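Q: Sharing a structure with you now.
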Amino acid sequence: MFYKYDSNEEGPDPDYIGLSLWHPELLNDARGDFLQMRVRSLDFVNRDKRSRLICHQHRDLLRILYNAAVKEKNTQDNASSGVVTVHFDAEVTKIDCDACSVTMRSGEAHRADAIIGADVVRDDVPTGLSVYSTVIPKAVAMEHEELAKLYEYPRSKMVNVFMGHNRAAKVSIAGKDEDVLVGLYTPDSSEGGTWTEEAARDIQEVVGSSNNLLEGLAAHAGPSSCVQIQDHSELDSWVSKSGKVAVIGEAAHPFPPASTHACSVAIEDGAFIGKIFSHTRNSDRIEEFLHAFEKHRRPRCAYILQAEKKNIGFFTLPGGEKQAARDASMRANQAAGVDVMEAPEADMQHIWDDFAKVFGYEPADDADEWWVSWGRFRD
Ligand SMILES: Cc1cc2nc3c(=O)[nH]c(=O)nc-3n(C[C@H](O)[C@H](O)[C@H](O)COP(=O)(O)OP(=O)(O)OC[C@H]3O[C@@H](n4cnc5c(N)ncnc54)[C@H](O)[C@@H]3O)c2cc1C
């Protein structure tokens, strides 16, 4: 559901623009429904005078992936099953790409046939926008008339997008506890924060001129994190010259914070790599596999990244002709009873095309296609 970020002239309520739905055919084709998952919770502790957010839901996601990886180990009928050992609290301080070894902060060293790096985003050029992320527990939201309206259908099942002058917000109910999740795009902070630190400025200071709902959410928000949106330079290659080390996920293709697809694209990377490596244990083929991974995955990741950036640009258009044309077109669609995104204008149609491309993909099938067309002939 789309709204103007500022309230309208008649009152302080959000100015509703219209509705865009994902068609049932799309969800059927993708073989499922969609689920809003929280990646953080409210708790935080003081440590070294800084607050540190404890991201329980991010841990839940890690636990799901961890259990899946460890389960593989015990699946004796799967020829590809290997021994998975997970070291926690293990910071890598050095990688030797030629020797294919890593050194940990503890001084411990590990050698391997191949190394897959899935670590953090590199610092790059700030775009001037930052994303504040926070959660409002359901119990708190239900105590306030304005916030409680978020739990009314159909709002309760939607991502509520507020579009303003150089700013935007995405609000949804997420997780099994049905808390309110807020992602606020703001030009009012230049802080270089992280996901695990509390933002230096309160979200109320950066919400700007908005409406009753957003102001209420900011007033009752728990601790927020603030992560800058940056333009990242592209790596020349995701695979080291030695052919033994590759990067995946954020380390290969950092996405803007609060992107819709950052997690799923990172998981796709892992699924693709896992599938091609499942065919053989021949370590002579590692370099070929890693290059096949980059060749297949890079165009898709670049496409989705551009789509995410375009969406942010679309939601945060500055006031002016383009913004007025966007709003007029969406309102006209709504009045005509059609999806607000189904306008012929390229600015809008691309969003719908992107959805189709993103969800009509299966990483294991993509990996199998490479194996059937190329990989199997060399084994
Ligand atoms: C705690 C946390 C909370 C997050 N919350 C949000 C959120 O609210 N909204 C949002 O849009 N995105 C959030 N993200 C980012 C989002 O989860 C990622 O964009 C997405 O999961 C892509 O996953 P990834 O595995 O590529 O990278 P990440 O999920 O960022 O994982 C990278 C991992 O590498 C580890 N690491 C980094 N350097 C080293 C090193 N030298 N040695 C060993 N390990 C290292 C990090 O500790 C981290 O666990 C969060 C990420 C983290 C880690």
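The values are calculated or read from the model by the stated rules, or taken from the named source; none is laboratory data. Computed from a prediction, not measured in an experiment: that's the story for all the values here. Positions of Cβ are generated from backbone atoms using ideal geometry, with glycine treated the same way; all protein chains shown enter the neighbour counts.
Q: For a quick check of your reading of the model, give me the residue pairs whose first member lies in region 76-96 and is among the small types (G, A, S), whose second is at pLDDT 90 or above, with beta-carbon atoms closer than 7 Å and at least 6 apart or on different chains.
A: S80/S278; A90/M104
Q: I need the full set of residues from region 152-179 which are in a loop (DSSP other than H, G, I, E, B), over 24 Å from S209 (Cα atoms), within 20 Å of the chain's Cα centre (by Cα) and not charged (D, E, K, R), in order please.
A: G175
Matching residues to (1) touching a Leu at 6+ places or on another chain (Cβ under 8 Å); (2) within 16 Å of the ligand (Cβ to nearest atom); (3) at pLDDT 90 or above; (4) on the phi < 0 side of the Ramachandran plot:
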| residue | (1), (2), (3), (4) |
| --- | --- |
| D119 | no, yes, yes, yes |
| N160 | yes, no, yes, yes |
| G175 | yes, yes, no, no |
| D188 | no, no, yes, yes |
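Q: Could you pull out the residue among V135, V140 that is in contact with an Asp or Glu (Cβ under 6 Å, 6 or more places away or on another chain) and modelled with pLDDT under 95? If you could, list the steps in order and put the result at the bottom.
A: Values: V140 fails: in contact with an Asp or Glu (Cβ under 6 Å, 6 or more places away or on another chain).
Just a single option satisfies the conditions, and that option is V135.
Q: Among the residues that make up region 141-151, is at least one of them surrounded by 13 or more Cβ atoms within 10 Å (Cβ to Cβ) and assigned to a strand (DSSP E or B)?
A: no
Q: Can S51 be described as part of a strand (DSSP E or B) and at pLDDT below 55? Give the derivation first.
A: Numbers: part of a strand (DSSP E or B): yes; at pLDDT below 55: yes.
So S51 passes the test.
Q: Oh, and also: Looking only at residues in region 225-264 that are part of a loop (DSSP other than H, G, I, E, B) and on the phi > 0 side of the Ramachandran plot, which one is nearest to the ligand (Cβ to nearest atom)? Steps first, please.
A: Taking region 225-264 as the starting set, the residues that turn out to be part of a loop (DSSP other than H, G, I, E, B) are 232-238, 240-244, 248, 252-261.
Narrowing further to those that are on the phi > 0 side of the Ramachandran plot: 243, 258.
On the way: G243: 22, A258: 4 Å.
Residue satisfying both the conditions and the ranking: A258.
Q: For M330, state whether it is in contact with a strand residue (DSSP E or B) (Cβ under 7 Å, 6 or more places away or on another chain) and surrounded by 19 or more Cβ atoms within 10 Å (Cβ to Cβ).
A: Numbers: in contact with a strand residue (DSSP E or B) (Cβ under 7 Å, 6 or more places away or on another chain): yes; surrounded by 19 or more Cβ atoms within 10 Å (Cβ to Cβ): yes.
Judged against the criteria, M330 is a match.
Q: Right, something else. I'm checking my understanding of the structure. Among residues of region 152-183 that are of a type in the set (G, A, S) and touching a residue at least 40 places away in the same chain (Cβ under 8 Å), which one is surrounded by the most Cβ atoms within 10 Å (Cβ to Cβ)?
A: That would be A169.
Q: Let me ask you something else. When you go through (1) assigned to a helix (DSSP H, G or I); (2) more than 14 Å from the ligand (Cβ to nearest atom); (3) modelled with pLDDT under 70; (4) not polar (S, T, N, Q) one by one for R59, which number turns out not to apply?
A: (2)
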